[in-house]
1. Pairs under 6 Å by beta carbon, first residue among the hydrophobic types (A, V, I, L, M, F, W, C) in segment 127-147, partner open to solvent by 40 Å² or more (accessible area, probe 1.4 Å), six or more apart or different chains?
2. Pairs needed: first member in segment 186-197, on the phi > 0 side of the Ramachandran plot; second member anywhere, near ligand 1 (Cβ under 9 Å from one of its atoms) and open to solvent by less than 20 Å² (accessible area, probe 1.4 Å); C-beta distance under 6 Å; at least 6 residues apart or different chains.
3. Going through segment 173-223 one residue at a time, which ones are aromatic (Phe, Trp, Tyr), buried (at least 18 other Cβ atoms within 10 Å of the Cβ) and in a strand (DSSP E or B)?
4. Among the residues of segment 63-86, which ones are part of a loop (DSSP other than H, G, I, E, B) and under 19 Å from the mean Cα position of the chain (by Cα)?
5. Answer yes if at least one residue in segment 290-305 is open to solvent by 40 Å² or more (accessible area, probe 1.4 Å), within 16 Å of ligand 2 (Cβ to nearest atom), in contact with an Asp or Glu (Cβ under 7 Å, 6 or more places away or on another chain) and within 29 Å of SER154 (Cβ to Cβ), and no otherwise.
6. Let me confirm something: among ILE232, ILE259, ILE265, which residue is assigned to a helix (DSSP H, G or I) and either among the polar types (S, T, N, Q) or within 16 Å of ligand 1 (Cβ to nearest atom) (or both)?
7. Filter segment 84-108 for residues that are under 27 Å from GLN68 (Cα atoms) and of a type in the set (Val, Ile, Thr); which is surrounded by the most Cβ atoms within 10 Å (Cβ to Cβ)?
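The values are calculated or read from the model by the stated rules, or taken from the named source; none is laboratory data. A quick note: this is a predicted structure, and the numbers were derived from the prediction, not measured. Cβ placement follows ideal geometry from the backbone for every residue including glycine, while neighbour counts extend to all protein chains displayed. These area figures cover heavy atoms from the full protein model, side chains too; ligands, DNA and RNA do not enter into them. Shrake-Rupley method; radii C 1.70, N 1.55, O 1.52, S 1.80 Å.
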Amino acid sequence: MKTILITGGAGFIGSHVVRLFVNKYPGYKIVNLDKLTYAGNLANLIDIENKTNYEFVKGDIVDSEFIQNLFEEKKFDGVIHLAAESHVDRSISNPTEFVFTNVIGTVNLLNAAKHIWNNNFTGKKFYHISTDEVYGSLGEEGIFTEKTAYDPHSPYSASKASSDHFVRAYLDTFGLPSVISNCSNNYGSFQFPEKLVPLFINNIKNNKSLPVYGKGENIRDWLWVEDHAVAIDVIFHEGKIGETYNIGGFNEWKNIDLIRAMCRIMDRKLKRIAGESEKLITYVKDRAGHDLRYAIDATKLKNELGWEPSLQFEEGIEKTIDWYLENEKWMNNVTSGDYQKYYKQQYVKR
Ligand code: NAD
Ligand code: DAU
């Protein structure tokens, strides 16, 4: 039996990856290591928590001694590293936290893998999950390929770029077998409502204003989270050591168009008069250093490993809105307590 470490498995994308691996690979022991920050939530994994090939470990990747001991004890065969501070706005108000978790945390994992694998790398793989934001911002034309030079602008993307560089440096310097993927914006179930899609669904439902940064003209390339999880499965098993794979949905939306589309769907689902939810749109001060446009070219992944997104966006966003409407209890739990403080700091006192 192989033992696979998934970090950040109680978060949005990580919980989908853990679920997929636990259900699909009964021959793997899946260890989910998560600090359970505000973004980590074991309620995301209730359906698989009692499976015999699953174990949850609460811990911090910044704690190097704890990480060394865990690797010594579990002797992982593979690592899928998702744990991170992931929200751009929080990286603007508290950049240092992003350096600790995203940079130092990643280096701690690399050190521990290097130590226990001890130059015996056969069958081992360190898979680092990164973001398209490391490539910077596009104008109206162009698309990010795996060869696009790094040009991060936010403390979040700078910390992710730094961690990507460390992963490559450990391959080049120590031979540590790694692979990296850079994905575009995900949407779907279990996403913490600080990010655009779940935040706006929740606000529309509760008749709260929809805080659109700037003029709403920024463009993002949206991918259904379960398609990302499948891509991670394919890359973990088939991806070539030393390679980078871009993952994306070929699905660009201007923020304001996406928001209006969500308003229209929600009007229908909530049986509101057409146009009612759009009245909640409020233009607020722009995000500092706000990247204009992201667009991912995922052709390499399609041509070399045969992965393609399974869902059209129209279907994915309907499913996503349905999920949040049906899972009111989940939403109420994650928006109680500290969330209220965050919301006030981010939106009310701007
Ligand atoms: P998330 O914020 O929902 O989840 C992050 C998880 O990491 C949480 O469960 C949290 O508790 C855990 N964590 C944070 N700090 C930790 C620490 N010090 N030690 C252990 N665990 C810790 O994030 P997400 O949106 O699921 O993103 C997961 C990964 O995918 C991140 O690396 C992110 O950069 C990357 N990514 C995200 C997107 C997206 O659209 N959300 C797109 C591309 C790449
Ligand atoms: O591109 C991949 C990245 O996508 C991931 O690496 C990040 O972890 C993830 O958070 C996401 O980053 P973004 O900054 O693109 O996502 P966010 O949902 O925060 O914002 C999407 C767009 O919507 C962005 O242009 C900012 C805008 N926005 C966001 C919020 C939260 C608003 O206009 N108002 C808001 O209140």
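1. These pairs meet every condition: VAL134/TYR150; VAL134/PRO152.
2. These pairs meet every condition: GLY188/VAL225; PHE190/SER15; PHE190/ASN44.
3. Matches in segment 173-223: TYR187, TRP222.
4. The answer is LEU82, ALA83, ALA84, GLU85, SER86.
5. Among the residues of segment 290-305, not one is open to solvent by 40 Å² or more (accessible area, probe 1.4 Å), within 16 Å of ligand 2 (Cβ to nearest atom), in contact with an Asp or Glu (Cβ under 7 Å, 6 or more places away or on another chain) and within 29 Å of SER154 (Cβ to Cβ), which makes the answer no.
6. Working: ILE259 fails: either among the polar types (S, T, N, Q) or within 16 Å of ligand 1 (Cβ to nearest atom) (or both); ILE265 fails: either among the polar types (S, T, N, Q) or within 16 Å of ligand 1 (Cβ to nearest atom) (or both).
Result of the check over ILE232, ILE259, ILE265: ILE232.
7. THR106
Residue-wise test of (1) buried (at least 16 other Cβ atoms within 10 Å of the Cβ); (2) in contact with a Gly (Cβ under 9 Å, 6 or more places away or on another chain).
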{"site": "VAL22", "(1), (2)": "yes, no"}
{"site": "ASN32", "(1), (2)": "yes, yes"}
{"site": "LYS35", "(1), (2)": "yes, yes"}
{"site": "GLU49", "(1), (2)": "no, no"}
{"site": "THR52", "(1), (2)": "no, no"}
{"site": "VAL57", "(1), (2)": "no, no"}
